[in-house]
Amino acid sequence: MQAHVIPGIDEAELLDPLHALWRRADVSRIALSGTPLGLQPSPYVQAAWRDRRVGATGHVRVAALHDGVRLAFRLEWEDASRDAVLTDDDRFADAAAVMLPAAAEAPIYTMGAPGLPVTAWYWRADEQQAREIVAEGVGSSRTVARDTVRAAGVWQAGRWSVVIARSLTAGGPGAVQGLGTGAAIGFGVAIWEGGSGERAGLKSWSGPAWQSLTLEPTPTARS
Amino acid sequence: MTQRQLAMVLDLNKCIGCQTCTIACKRLWTRDAGMEHMWFNTVNTQPGRGTPRDWEKMGGGFRAGMPQPGRLPRRGEFGDAWRYNHDDVFFGGQGADAQLRIQGEAPDWGPNWDEDQGGGEYPNGYHFYLPRLCNHCTHPACLAACPRKAIVKRPKDGIVLVDEDRCRGFRFCMEACPYKKIYFNQARKLSQKCIFCFPRIEQGVAPACARQCPGRVRFVGYRDDRNAPIWKLVEQWKVALPLHPEHGTEPNVFYVPPLAPYRFDAQGDVDESRPRIPDEYLESLFGPAVRDALATLKTERARVQGRGRSELMDLLIGYRWKDMFGGFDRDPATIEWRPA
């Protein structure tokens with residue numbers, strides 16, 4: 001998949017999932033599946049979900065754009081129920097995240113490993129701010145920043161459209177190596193269907209292998 | 001590994017259901033936004049449906065060491081924090097015409113909804129009060145359930161705490177806890193529960209629910225302190241038992257089961273052959289060991305009735321209030337408390 005470059009994007013337009021800008025992006029349809037129960041770090045979750053289906057979302061349409069400064073993903077998926085308010089204690093919110101390697105050899109399958117972190121740009125329908133998350137293995141995810149990742153979601157006619165963006169050059173523990181050099185980087189997508197009780201490791205994901213993303217070189221870089 | 005374990009014993013023969021413990025806890029710990037509906041300590045009438053409603057049918061815990069699925073209680077099953085027309089009543093200028101009323105939808109449950117209903121038929125009706133708090137279990141189902149390791153059991157005293165910086169409000173702990181003593185804070189989107197008043201414990205002060213109890217119901221201390229009441233009641237006399245031991249979490253809150261008055265027979269005479277609270281019912285709560293515990297209590301009570309002495313009865317009476325707290329008997333008024 002390629003993220004086209006549009007120099008000088010207005011951030012408000014970029015973060016609007018319904019903005020015409022996004023018609024200029026390539027769209028990939030990525031099939032999703034439920035995360036394997038054996039990957040759940042909690043024996044309780046393994047027992048409680050043994051007979052329940054994990055992975056309520058079958059596929060996601062992914063697009064990406066950048067302007068040389070920030071990279072944005074647009075995710076669109078079908079969801080008959082908008083779960084954006086925790087109206088009771090047994091309700092969960094819809095959520096989505098894009099995962100990127102924060103170390104060259106970081107495995108996506110286990111959400112990184114000790115010393116091999118991954119970063120996730122995480123949006124949840126009931127939270128005002130998106131989160132930049134870093135993980136070094138299943139169950140180790142921690143929020144490292146709440147002001148670096150910007151996201152916005154719109155639910156309309158049975159589908160969510162969500163844009164998740166971050167600076168290409170953001171430092172800190174969630175810095176992504178090689179972003180912006182024109183080389184291919186890996187990414188993964190996860191969708192949580194709150195109405196089905198999906199949260200934490202219970203989600204639909206793009207699978208145990210990194211998807212490939214290249215950033216179209218910026219005009220200045222090209223010259 | 002837990003090096004030492006703090007514990008609590010509650011003598012149900014002395015609990016009068018006054019809820020002083022409940023309020024002592026409420027005033028200390030659950031007054032912030034998002035905590036309005038929380039009662040880390042509840043007192044319910046038994047037999048009864050409890051808090052949350054029918055919590056004993058919600059699963060969780062372990063069977064043969066394997067985690068058992070549990071059901072996540074809804075807010076209304078705990079009993080929400082009802083809103084009242086306080087402004088009308090106190091400031092509306094309507095005098096005695098304004099009545100205090102719950103605003104919005106009429107609730108169908110609350111944290112003490114079936115108070116004093118109990119069981120049995122006249123003239124042999126019966127009930128007793130069951131105060132409940134987090135059991136600070138030796139094998140906490142909540143801790144095992146959390147995929148984020150956001151629940152910790154402190155090695156130095158076995159207190160089980162939710163790490164609010166790690167918790168993301170996924171509520172697997174609430175599902176897995178067979179005692180349903182964990183609440184969800186909708187304002188902060190995280191789980192919260194009894195902390196065994198650890199900031200008091202660290203200053204040598206017993207938890208508020210224990211210290212404030214007018215009935216001297218609650219004993220506090222380390223389980224291995226052989227000179228203190230906890231060890232004597234649990235290990236030596238074996239009259240203090242965990243609630244629903246079948247869940248396999250090994251609670252560290254124990255109960256001295258209630259001895260009820262004898263029954264009346266059809267002629268209205270006292271029938272000493274059967275207890276008013278059926279043994280089967282107490283066994284359903286405290287396991288088969290309750291029968292021996294009740295027998296011991298009866299024997300020792302009879303000893304005192306016969307003008308003898310009983311170390312157990314002296315212990316349970318709690319002649320010396322401070323001796324009930326296993327060394328955690330410092331007066332909180334002598335401490336300069338600072339906000340965290």
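No value in this document is a laboratory result; all are computed from the given coordinates. Because the structure is a prediction, the values reported are computed rather than measured. Here the Cβ is made from the backbone with ideal geometry for all residues, glycine too, and neighbour counts use every protein chain on show.
Taking the Cβ-Cβ separation of B:HIS139 and A:ARG53 as r and a Förster radius of 45 Å, what is the calculated FRET efficiency to the nearest 0.05?
On the way: r = 30 Å, r/R0 = 0.66.
Rounded to the nearest 0.05, the efficiency is 0.95.
What does the net charge come to around A:ARG146 if you take all other residues with beta carbon closer than 10 Å to its beta carbon, with K and R at +1 and D and E at -1?
Residues near A:ARG146 contribute -2 overall.
Mind checking the dipole of chain B: about its Cα centre, +1 per Lys or Arg Cβ, -1 per Asp or Glu Cβ, Debye to the nearest 20?
That gives chain B a dipole magnitude of about 1200 debye.
Given the DSSP H assignment, sum -39500 (n - 2.57) over each helix run of at least 4 residues in chain A and divide by its residue total; what's the result at 222 nm in deg cm²/dmol, nearest 500?
That comes out to -1000 deg cm²/dmol.
About the Cα centre of the stretch A:92-201, how large is the charge dipole given +1 on each Lys and Arg Cβ and -1 on each Asp and Glu Cβ? Please answer in debye to the nearest 20.
Computed charge dipole of the stretch A:92-201: roughly 160 debye.
Can you list the residues, at least 5 places off or on another chain, whose amide H is less than 5 Å from the amide H of A:ALA145, using H built in the peptide plane?
Long-range HN contacts for A:ALA145: A:GLU132.
HN-Hα J couplings of the stretch B:316-328 from phi, Karplus 6.51/-1.76/1.60, θ = phi - 60°, integer Hz, Gly and Pro as x?
With coefficients 6.51, -1.76 and 1.60, one gets 5, 5, x, 3, 9, 3, 5, 5, 7, 10, x, x, 8 Hz.
In deg cm²/dmol and to the nearest 500, what is the mean residue ellipticity at 222 nm of chain B if only DSSP H runs of at least 4 residues count, each as -39500 (n - 2.57), divided by the residue total?
Details: 9 runs with 63 residues, N = 340.
Mean residue ellipticity, 222 nm, calculated: -4500 deg cm²/dmol.
Counting only C-alpha contacts under 8 Å and six or more residues apart, can you give the relative contact order of chain A as a whole percent?
26
Mind checking the full-extension length gain between B:ASP116 and B:ASP87? Use 0.36 nm per residue of separation minus the Cα-Cα distance, one decimal, nm.
7.3 nm
Over the stretch B:1-132, calculate the relative contact order: mean separation of alpha carbon pairs under 8 Å at least 6 apart, over the residue count, as a percent.
Across the stretch B:1-132, relative contact order equals 31 percent.
Checking the a/c ratio against 1.5 first, then a/b against b/c, what shape does the Cα gyration tensor give for the protein assembly as shown?
prolate
From the residues B:LEU72, B:GLY93, B:GLY60, which one has its Cα farthest along the dipole of the stretch B:1-158 in the positive direction, the dipole being from +1 and -1 charges on Cβ of Lys/Arg and Asp/Glu about the Cα centre?
Among B:LEU72, B:GLY93, B:GLY60, the one farthest towards the positive end of the dipole of the stretch B:1-158 is B:GLY60.
Near B:ASP54, within a Cβ-to-Cβ distance under 12 Å, what is the net charge of the other residues, with Lys and Arg +1 and Asp and Glu -1?
Residues near B:ASP54 contribute +3 overall.
Once the dipole of the protein assembly as shown is set up with Lys and Arg at +1 and Asp and Glu at -1 on Cβ about the Cα centre, which of B:PRO207, A:ALA96, B:LEU130 lies farthest towards its positive end?
Most positive-ward Cα: B:PRO207.
Out of residues 5 or more away from B:GLY326 or on other chains, whose amide H comes under 5 Å of its own, with H placed 1.01 Å from N in the peptide plane?
B:VAL220
Take the alpha-carbon centre of the stretch B:65-131, take the same for the stretch A:25-57, and report the distance between them in whole Å.
So the two Cα centres are separated by 39 Å.
With r as the distance between the Cβ atoms of A:TYR109 and A:ARG159 and R0 = 35 Å, compute the FRET efficiency 1/(1 + (r/R0)^6) and round to 0.05. Walk me through the numbers before you get to the answer.
Working: r = 28 Å, r/R0 = 0.81.
Between A:ARG159 and A:TYR109 the formula returns 0.80.
Return the long-range amide H neighbours of B:CYS137 (sequence gap of 5 or more, or a different chain), with a cut-off of under 5 Å between placed amide H atoms.
Residues meeting the criterion, in which the H sits 1.01 Å from N, are B:ASN252.
Karplus couplings for the stretch B:273-280 from phi (6.51 cos²θ - 1.76 cosθ + 1.60, θ = phi - 60°), rounded to Hz, Gly and Pro as x?
Once θ is set to phi - 60°, the couplings for the stretch B:273-280 become 6, 9, x, 6, 7, x, 3, 4 Hz.
Counting other Cβ atoms within 10 Å, which trypsin sites (Lys or Arg not before Pro) in the stretch A:90-184 have at most 10 and lie in a DSSP loop?
Passing both the DSSP loop test and the Cβ count: no residue.
Per residue of the stretch B:21-36, what does 6.51 cos²θ - 1.76 cosθ + 1.60 with θ = phi - 60° give for ³J(HN,Hα)? Whole Hz please, x for Gly and Pro, Karplus curve as stated.
4, 4, 6, 4, 5, 4, 5, 7, 10, 10, 9, 7, 4, x, 10, 4
If a/c stays under 1.5 just call it rounded; otherwise compare a/b with b/c (prolate if a/b is bigger, oblate if not). Do that for the stretch B:1-93, with a ≥ b ≥ c from the square roots of the Cα gyration tensor eigenvalues.
prolate
Decide, for the stretch B:41-126, between rounded, prolate and oblate: order the square roots of the alpha carbon gyration tensor eigenvalues as a ≥ b ≥ c, take rounded if a/c falls under 1.5, and otherwise choose prolate if a/b is larger than b/c, else oblate.
oblate
Would you work out the relative contact order for chain B, in percent, from Cα pairs under 8 angstrom that are 6 or more residues apart?
23
Would you work out the charge dipole size for chain A about its Cα centre, treating the Cβ of every Lys and Arg as +1 and the Cβ of every Asp and Glu as -1, and quote it to the nearest 20 debye?
My answer is approximately 360 debye.
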